[in-house]
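Here is the structure we will look at.
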Amino acid sequence: MPSFYEFFAGGGMARAGLGEEWECLFANDNDAKKAAGYAANWGDGHLTVADVGALTAADLPGRADLAWASFPCQDLSLAGAGAGLQGRRSGTVWPFWRLMRALAAEGRAPSLVVLENVCGALTSHGGEDFAAIGAALADGEYRFGALVMDAVRFLPQSRPRLFIVGVHGRRALPASLVAAGPSPLWHPSRLAGAQEKLSRRSKAAWVWWKLPEPAPRTSAFSESIEDQPRGVVWHSAAETRRLLSLMAPLHRHKVEMAKSAGQRMFGAIYKRTRRDASGQSVQRAEVRFDGVSGCLRTPVGGSSRQSILVVEGRRVRSRLLSPREAARLMGLPDSYRLPENYNEAYHLAGDGVAVPVVRFLAARLLEPLLAGVEPGSRRRLL
């Protein structure tokens, strides 16, 4: 059974994606509320609630096959202030990496390292932050590559994320997992451009990971919606009218088209700040009826909470997305225990990694790498 450490664990969504065939040796988060959610679902036997910078190698038991780190994204996201990896939050990747170096000094370097974050990590500080991560991996004797994986391939949520996967040492790599160059499927132009800015040493350690195309997604946004939601209430007619009034003509037209569809239509809404024709910043409500929700975000201010619009003929209703609906959009089962508080539950879901994305990555890349075999083969390559 492969083993793992889970850093910046949140509600344990990486653990959920890895599945029961993986053994957790250690989990860490410094947010007590998230840690409570983790403990409610996984127990607290492997959980340490502490700043990652306060940990030492002695806190980490055994030798894990995988170290997973979904480090904070705020300083790398569009909503951040551009601090990048020098920021107080996203910069916590460096204390994590010092732990990996300390483990390596003791002969306990994890065979695999996965760093997950927003795609802004590719372009932050003109690509210098991504290059710094690459240099750290190369200096730590990891060969590495990166993939941009969008949860929309697996779930009805648009959620592109960057996954950097490193392999320690010089073990043979299954040929089916290595490509000669970038593939548009997993390596968009912004990733290829960031790879070009790596140092010579980092490029020598680079691997273009090759994954198959997943099966077509069959789920739709409407399937995640609760008939009797908990934790939210329907807006009043006046509140719904105000929400509609925030829509530009394009989005009002989408609502009118939904009214004439002849069936119940579910729309996902975010409030955003846009510039009008005069250049002034105004709040807008933007809706989509394509069977996909927008990317879930943590509820910092009312505008970042996603709402839904239910259109049945001329009847239009609206409300906030419920915590359970948010959890479903992340691929969590209904048996997953959520906090009772709305903001805490939504934050736990919106700040995580999509579960089926982790499962796909584990099945198609991580597990074959650890086994040293071609996927579906018993022939070892080590």
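The values are calculated or read from the model by the stated rules, or taken from the named source; none is laboratory data. As the structure is a prediction and not an experimental result, all values here were calculated from the model. Backbone-built Cβ (ideal geometry, glycine too); neighbour counts: all protein chains shown.
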task = Return yes or no: is residue 59 surrounded by fewer than 17 Cβ atoms within 10 Å (Cβ to Cβ) and at pLDDT below 95?
result = no
Criterion violated by residue 353 - all others in (1) among the β-branched types (Val, Ile, Thr); (2) assigned to a loop (DSSP other than H, G, I, E, B); (3) at pLDDT below 95 satisfied = (3)
request  = From the list 156, 184, 174, pick out the single residue that is touching a residue at least 60 places away in the same chain (Cβ under 8 Å) and over 30 Å from residue 325 (Cβ atoms).
outcome  = 174
query = Identify, please: which residue in the stretch 105-129 is within 26 Å of residue 370 (Cβ to Cβ) and of a type in the set (A, V, I, L, M) and is, among those, nearest to the chain's Cα centre (by Cα)?
reply = 115
query = Is it the case that the stretch 252-271 has a residue that's in a strand (DSSP E or B), surrounded by fewer than 12 Cβ atoms within 10 Å (Cβ to Cβ) and among the basic types (Lys, Arg)?
reply = no
query = Is it true that residue 177 is within 19 Å of residue 110 (Cβ to Cβ) and not assigned by TED's automatic domain parsing to the domain that holds residue 326?
reply = yes
request  = Give the stretch 99-134 a look and list any residue that's aliphatic (A, V, I, L, M) and within 28 Å of residue 212 (Cα to Cα), or say none.
outcome  = 112, 113, 114, 115, 118, 121, 122, 131, 133
Checking residue 244 against (1) assigned to a helix (DSSP H, G or I); (2) touching a Leu at 6+ places or on another chain (Cβ under 9 Å); (3) surrounded by fewer than 14 Cβ atoms within 10 Å (Cβ to Cβ), the condition it does not meet = (3)
request  = Would you mention how many residues in the stretch 12-26 are in contact with an Asp or Glu (Cβ under 8 Å, 6 or more places away or on another chain) and within 20 Å of residue 344 (Cβ to Cβ)?
outcome  = 3
request  = Being touching a Gly at 6+ places or on another chain (Cβ under 7 Å), modelled with pLDDT of 95 or more, polar (S, T, N, Q) and outside the structural domain of residue 207 (by TED's automatic domain parsing) narrows it down to one of 335, 293, 322, so name that one.
outcome  = 322
query = In the stretch 194-231, which residues are part of a helix (DSSP H, G or I), of a type outside the set (D, E, K, R) and either at pLDDT below 95 or surrounded by 13 or more Cβ atoms within 10 Å (Cβ to Cβ) (or both)?
reply = 194, 195, 202, 221, 222, 224
ask   = Can you tell me which of 55, 18, 66, 47 is over 17 Å from residue 337 (Cβ atoms) and more than 20 Å from the chain's Cα centre (by Cα)?
value = 55
ask   = Out of all the residues in the stretch 23-39, is one or more of a type in the set (A, V, I, L, M) and crowded, with 23+ Cβ neighbours inside 10 Å?
value = yes
